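Notes follow the structure.
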Amino acid sequence: MNTTQSMNFTHHAIERMNQRGITKAMIVLAMEYGNRSNDKLILGMKKIKKLLNKVEKSTRKHLMKLLDKGGLTVVFCEDVVVTVYNCNKKGLIL
């Protein structure tokens, strides 16, 4: 995916963001720091914990929220966000 300026969201993705308390800022963090796996960007717990001491205070706030959610997965197709969900499944190592 490219920059956030070229990022588009499906209606489904917007609904899921609202339902799950996921902000665009959190998606930007997944884009910047997440690991790409096919059509997904995954920002897992381990990566979030490593980033906490390396980022500014404003970014740390969003990372703490993502840590509470267990991480974030963003599913996309080209430059369109299809859906987003929390990575709070037990046994998921990221």
Notebook entry, point to check: In the range 38-70, what residues are among the basic types (Lys, Arg) and outside any helix (DSSP H, G or I)?
Noted result: 40, 54
Checklist line | Hits in the range 1-38 (condition: in contact (Cβ under 8 Å) with a residue 40 or more places away in the chain and surrounded by fewer than 12 Cβ atoms within 10 Å (Cβ to Cβ)) | finding: 2, 6, 8, 21
Checklist line | Failed item in (1) over 11 Å from the mean Cα position of the chain (by Cα); (2) of a type in the set (Ser, Thr, Tyr); (3) surrounded by 11 or more Cβ atoms within 10 Å (Cβ to Cβ), with residue 58 passing the rest | finding: (3)
Margin query: Which residue is modelled with the highest pLDDT, if the candidates are limited to the range 5-37 and must be assigned to a helix (DSSP H, G or I) and of a type in the set (Gly, Ala, Ser)?
Written below: 13
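The values are calculated or read from the model by the stated rules, or taken from the named source; none is laboratory data. Predicted, not measured: the structure shown is a model, and the values here were computed from it. With ideal geometry, Cβ positions are generated from the backbone for all residues, glycine too; neighbour counts draw on all protein chains shown.
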